[in-house]
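The values are calculated or read from the model by the stated rules, or taken from the named source; none is laboratory data. Model, not experiment: these values are computed from the prediction. No Cβ is skipped: glycine too gets one built from the backbone with ideal geometry, and neighbour counts run over all protein chains shown.
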Amino acid sequence: MKNLIITIIVIAIIGALYYFVGPLFNVQEVDDALPEVASGVEKLTPEQKVEMENLMVEANEEEKEEMVEEIPEMLAISESFPVMGTFGHPASGSVRIVENLEETIIRYEDFETINGPQLHLYLSKDIEGKDYIDLGPIRGTKGNINYTVPEGVDLSEYRYVMYWCVPFSVLFNYADLNGA
């Protein structure tokens, strides 16, 4: 009976180590391409974006295709925001917001961090992750990684983009989109 209890304890310890420590050694490298950008284009003003969206709504399918092909400056890239590691979870790289008329992308560039159990990407209004949108499981821990923001989400309402450990409610790393 004593050997059975010891065996169960050893199996439980090995399982816990695998669950908690194993992800730290699991590097998921991703190298998503940056959408083409017209030279010199940095950021569309809100008025320009609304004007472009209105043109797209009023256009028929053929006109929309021509607009997308002829006007690559419909794409806007924000400035770069550094990624900050927290609570002993190191991270490096930067985050950018890439927008065009069809989608908004959160782009991690030259990114590197450690992995962890059930990491998700959050858009959050606060650093504690209390008021957030869960964009789902992370796609990688290293490289250039694109995440599509769901339609209708107003990024101006969210200050932080963060890797969040769901089961332990722990912030792994974040970028402050206000640049503070």
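Taken over segment 93-107, the criterion of being β-branched (Val, Ile, Thr) and either touching a helix residue (DSSP H, G or I) at 6+ places or on another chain (Cβ under 7 Å) or at pLDDT below 80 (or both) is satisfied by 97, 104. Filtering segment 135-180 to residues that are part of a strand (DSSP E or B) and either at positive phi or touching a helix residue (DSSP H, G or I) at 6+ places or on another chain (Cβ under 7 Å) (or both) leaves 136, 143, 149. Among the criteria (1) out of contact with any Phe, Trp or Tyr (no Cβ under 7 Å at 6 or more places or on another chain); (2) under 17 Å from residue 81 (Cα atoms), the one residue 114 does not fulfil is (2).
When you scan segment 123-134, how many residues do you find that are in a loop (DSSP other than H, G, I, E, B) and either under 13 Å from residue 166 (Cβ atoms) or within 8 Å of the chain's Cα centre (by Cα) (or both)?
Matching residues across segment 123-134 total 1.
Mind checking which residues of segment 81-122 are surrounded by 17 or more Cβ atoms within 10 Å (Cβ to Cβ) and not in a strand (DSSP E or B)? Matches in segment 81-122: 100, 101, 114, 115, 116.
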